[in-house]
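Below: the structure, in structure tokens.
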Amino acid sequence: MKNSTMPARSAWGKFPDVAIHATESAVKKHPDYAAAKAGDIAAAKCVVMATFDPATIEAIHQQVGARMPIVVGIQALEVQGENAIPSALAGVIARRLGLPLDDDIVQINCVGHTGSDGFHRLATPALFEGAAQPGTAYLLVDDFVGQGGTLANLRGHIECQGGNVLMATTLTGKRQTLLGQTCTI
């Protein structure tokens, strides 16, 4: 796929709501949160293990059924380093559900979305590179959903190569974007 400054997008169709594990305060108040956002893998595992929701993982299992999607944790560049939380959560989900992990698809720009407003998120879209397997199912994982743009851009990147994104999950998300514990992207 040729890289550009405009992300690929897929039609919404009947894409399911984002499955969210924990409240924003539970995640951000964890003592290892800052280190995890800055790339500390051990800290990220501590944050994830303390805040992920086994019931949400079971709901993911029910949603994907027997399709065995490849789990893609967003590898995001933050100002302070590579955010390790999505990879840690992706690892937990993959292990618990017996799913394969992708390590080829990566975010290629630093967007600085952490703590930013909606305009900044829209003006600085996350861009991705890396091969997706045509005809293969995918499950997207991130640490946070605000407006859903990063997940939508990753979904578009995968689906324009012939992959099929089944759903997305995040450790937490903004309350104003939630309907119960889910958010539509």
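Derivation of every value follows stated rules applied to the coordinates shown; laboratory data play no part. Fair warning: this is a prediction, and the values are worked out from it, not measured in the lab. Please note: Cβ atoms are built from the backbone with ideal geometry, for glycine as well, and neighbour counts cover all protein chains shown.
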**OP:** Return the aspartates and glutamates within reach of residue 28: Cα separation strictly under 14 angstrom, same-chain partners fewer than 8 residues apart disregarded; answer none if there are no such residues.
**Re:** 143
**OP:** Within 10 Å of each residue's Cβ, count the other Cβ atoms and sort 70, 85, 20 from fewest upward.
**Re:** 70, 20, 85
**OP:** Return the distance in nm (one decimal) between the two label points of a simple spin-label model at residue 174 and residue 160, each offset 7 Å from Cα along Cα→Cβ.
**Re:** 2.4 nm
Original post:
What order do you get for 25, 10, 87 when you list them from fewest to most C-beta neighbours inside 10 Å?
Top reply: 25, 10, 87
Original post:
Tally Lys and Arg at +1 and Asp and Glu at -1 over the other residues with C-beta under 14 Å from the C-beta of residue 19: what net charge comes out?
Top reply: -4
**OP:** List 46, 160 from most exposed to least, where exposure is judged by having the fewest other Cβ atoms within 10 Å.
**Re:** 160, 46
**OP:** Quote to one decimal, in nm, the extra length available between residue 62 and residue 38 on full extension: 0.36 nm per residue of separation minus the C-alpha distance between them.
**Re:** 5.4 nm
**OP:** Sequence neighbours fewer than 8 away in the same chain don't count; with that in mind, list the aspartates and glutamates whose C-alpha is under 19 Å from residue 14.
**Re:** 159
Original post:
Local charge sum around residue 132 (other residues, Cβ-Cβ under 11 Å, Lys/Arg +1, Asp/Glu -1)?
Top reply: -3
Subject >> Estimated FRET transfer efficiency (residue 131, residue 97; beta-carbon r; R0 22 Å; 0.05) >> reply: 0.45
